[in-house]
1. Go through segment 1-93 and tell me which strands (runs of 3 or more DSSP E), entirely inside it, have 3 or more residues that are touching a residue at least 60 places away in the same chain (Cβ under 8 Å).
2. Can you pull out the residues in segment 9-58 that are touching a helix residue (DSSP H, G or I) at 6+ places or on another chain (Cβ under 9 Å) and under 11 Å from residue 68 (Cβ atoms)?
3. I'm told residue 8 meets every condition in (1) surrounded by fewer than 11 Cβ atoms within 10 Å (Cβ to Cβ); (2) in contact with a strand residue (DSSP E or B) (Cβ under 7 Å, 6 or more places away or on another chain) except one. Can you identify the failing condition by its number?
4. Count, please, the residues in segment 29-46 that happen to be exposed (fewer than 14 other Cβ atoms within 10 Å of the Cβ), within 12 Å of the chain's Cα centre (by Cα) and closer than 17 Å to residue 2 by Cβ.
5. Give the residue, chosen from 62, 49, 20, that is exposed (fewer than 13 other Cβ atoms within 10 Å of the Cβ), under 14 Å from the mean Cα position of the chain (by Cα) and under 23 Å from residue 94 (Cα atoms).
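Every number in this text was worked out from the coordinates using simple rules, so none of it is lab data. Quick caveat: nothing in here was measured; it's all calculated off a predicted structure. Neighbour counts are summed over all protein chains in view; Cβ atoms, including those assigned to glycine, are modelled from backbone coordinates with ideal geometry.
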């Protein structure tokens, strides 16, 4: 099963704020980690506690991709892309809430 990857407008804007190298790391990680079995928990993928942003987190070093999965239509929806600094998420240079 191959999942289609979709980006929200907010996630696209988040992604633009990263350096080109970081963008490549993020896009490569999304392609490798989320195209197949995006709901399987691994060392780098985990289900989040209920929140208003997303159900899942993909860890790529200090970078984070927050996403939801629609299993019936096989779509991974990328909601936000940011950094993890300590226990906080940072999106476009600002602390973000989950």
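1. Once the strands (runs of 3 or more DSSP E) in segment 1-93 are filtered for at least 3 residues that are touching a residue at least 60 places away in the same chain (Cβ under 8 Å), what remains is 4-7, 75-85.
2. 56
3. If we test residue 8 against (1) surrounded by fewer than 11 Cβ atoms within 10 Å (Cβ to Cβ); (2) in contact with a strand residue (DSSP E or B) (Cβ under 7 Å, 6 or more places away or on another chain), just (1) comes out false.
4. Going through segment 29-46 one residue at a time, the tally reaches 1.
5. Among 62, 49, 20, only 62 is exposed (fewer than 13 other Cβ atoms within 10 Å of the Cβ), under 14 Å from the mean Cα position of the chain (by Cα) and under 23 Å from residue 94 (Cα atoms).
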